[in-house]
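The values are calculated or read from the model by the stated rules, or taken from the named source; none is laboratory data. Because the structure is a prediction, the values reported are computed rather than measured. Counting neighbours? That spans all protein chains shown, and the Cβs are built from the backbone with ideal geometry, glycine included. Keep in mind that these areas ignore ligands, DNA and RNA; they rest on the heavy atoms of the full protein, side chains included. Shrake-Rupley method; radii C 1.70, N 1.55, O 1.52, S 1.80 Å.
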Amino acid sequence: QVQLVESGGGLVQVGDSLRLSCAFAGPTFSAYSLGWFRQASGKDGELVAVISGFSGNTYYADSVKGRFTISRDNAKNTVYLQMNSLKPEDTSVYYCAAQLRPVPTTAPGAYGYWGQGTQVTVSS
């Protein structure tokens, strides 16, 4: 059984930075690909970034490319999302998700494990 717990959300100003963390509880963390997704109020959810298991390859949505960085620490069973130059349109609930495959997919339905989400609000 895999459990994911996000932390690090909050209220920030435009241009600020924030780092989200997702603690993974379960076996063989390094075998899982991890993703960050977000869902703003009244809107569909969207992929933010994913990182593969063993190789650590990454993929980003165009809307966050160059501003956000996904990383993982296999020794700490944790995945991070460093968010810089935050904009009001980044305001969302951010979810961490995991899938047991070495090469991640971008489809939310392919992720079998999800955290409870953490709210990020960017105020102008």
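Restricting to segment 90-124, and then to whatever is farther than 16 Å from Leu47 by Cβ and among the hydrophobic types (A, V, I, L, M, F, W, C), can you tell me which residue is surrounded by the most Cβ atoms within 10 Å (Cβ to Cβ)? Per the stated criteria, the residue is Val122.
Within segment 1-38, take every residue that is hydroxyl-bearing (Ser, Thr, Tyr) and within 25 Å of Val103 (Cβ to Cβ) and give me the one that is modelled with the highest pLDDT. Among residues in segment 1-38 that are hydroxyl-bearing (Ser, Thr, Tyr) and within 25 Å of Val103 (Cβ to Cβ), the one modelled with the highest pLDDT is Ser21. Look at segment 67-86: where a residue is more than 15 Å from Trp36 (Cα to Cα) and a partner is open to solvent by less than 40 Å² (accessible area, probe 1.4 Å) and small (Gly, Ala, Ser), sitting 6+ places away or on another chain with Cβ atoms under 6 Å, you get Asn74/Ser30.
If you go through segment 12-34 one residue at a time, how many are of a type in the set (Gly, Ala, Ser) and over 12 Å from the mean Cα position of the chain (by Cα)? Qualifying residue count for the region: 6.
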